[in-house]
1. Which of the residues spanning segment 129-145 are without any contact (Cβ under 8 Å) to a residue 24 or more places away in the chain and among the aliphatic types (A, V, I, L, M)?
2. If V144 meets every condition in (1) out of contact with any helix residue (DSSP H, G or I) (no Cβ under 6 Å at 6 or more places or on another chain); (2) aliphatic (A, V, I, L, M); (3) over 21 Å from Q44 (Cα atoms) apart from one, which number is that one?
3. Please enumerate the residues belonging to segment 1-29 that are in a strand (DSSP E or B) and touching a Ser or Thr at 6+ places or on another chain (Cβ under 7 Å).
4. Please identify the pairs in which a residue from segment 164-191 that is on the phi > 0 side of the Ramachandran plot has its Cβ atom under 8 Å from the Cβ atom of a residue that is among the small types (G, A, S) and surrounded by 14 or more Cβ atoms within 10 Å (Cβ to Cβ), counting only partners at least 6 apart or on another chain.
5. Basic (K, R) and under 21 Å from T179 (Cα atoms) - does that describe any residue in segment 21-41?
6. Quick one: which residue in L200, L126 is without any contact (Cβ under 8 Å) to a residue 40 or more places away in the chain, out of contact with any strand residue (DSSP E or B) (no Cβ under 9 Å at 6 or more places or on another chain), within 21 Å of W46 (Cβ to Cβ) and outside any strand (DSSP E or B)?
7. Cβ-Cβ under 7 Å, sequence separation 6+ or interchain: first residue in segment 1-19 and among the hydroxyl-bearing types (S, T, Y), partner part of a helix (DSSP H, G or I) and at pLDDT 95 or above. Which pairs?
8. Let me confirm something: among T152, T179, which residue is touching a Gly at 6+ places or on another chain (Cβ under 8 Å) and part of a helix (DSSP H, G or I)?
Amino acid sequence: MSRKADWYFDFISPFAYFQFKHLHRLPDNIDIHMQPVLLAGLLQHWGQKGPAEIPAKRIQTYQHCQWLAKRLGLPFRAPPAHPFNPLSALRLSMALGNSREVIGTIFDHIWRDGGDTQSEGGFAKLCRKLGVDNPAALIGDPAVKNALRQGTQAAIQRGVYGVPTFAIGTQLFWGFDLTDMLLDYLAHPDLLKTPEMQRLADLPSAASRRT
């Protein structure tokens, strides 16, 4: 019997690239629905800053990714500038049906080859890889724009606050570093139902930061 998992991602995230490269680790009976979302929309809704918006964290995040890629044995080269506007790439994926092949090509262009998607030339190069002759009409389609907008809003309503995130039922697993926990949960569905896990889920807050 197959089980459904929703995978929320944005091409702006190198950690989404890493997790995409590890999707083969999931059990064969998991039906993965891939949903592009705009990370900026998630951050704005929840009042968060992205890693690249904090100067010291930005540098360490890039260096961590370079180190992690080497450790994982994955080819990795950051794009010419980051953060970048991922809208065109997200809409392109949406317009082409969000197949694993399309998503993989876009991720590889950005994070394996260090390709640009924000400049006209860089985006055109990506489109040629995907066999797209008229990208402006494709990604400019109001239906495509609305689908991405609705997908992001639906993710927010589900409680998604970052990428990459796996959602299985009501459970969310955010970040590449939770991949092993996700696999453990799939193998042991009662993982989060232990008394201590439940106590943590209901843990009260004793202090809050002023905003």
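The values are calculated or read from the model by the stated rules, or taken from the named source; none is laboratory data. A quick note: this is a predicted structure, and the numbers were derived from the prediction, not measured. Heads up, the Cβs are rebuilt from the backbone with ideal geometry, glycines too, and the neighbour counts pull from every protein chain shown.
1. A136, A137, A143
2. So the condition that V144 fails would be (1).
3. Start the filter on segment 1-29 by keeping residues that are in a strand (DSSP E or B), which leaves 3-9.
Selection gives Y8 alone.
4. Pairs found: G175/G162.
5. yes
6. Working: L126 fails: within 21 Å of W46 (Cβ to Cβ).
The match here is L200.
7. Close Cβ pairs satisfying both conditions: Y8/A155; S13/L39; Y17/F107; Y17/W111.
8. Values: T179 fails: touching a Gly at 6+ places or on another chain (Cβ under 8 Å).
Only one candidate qualifies: T152.
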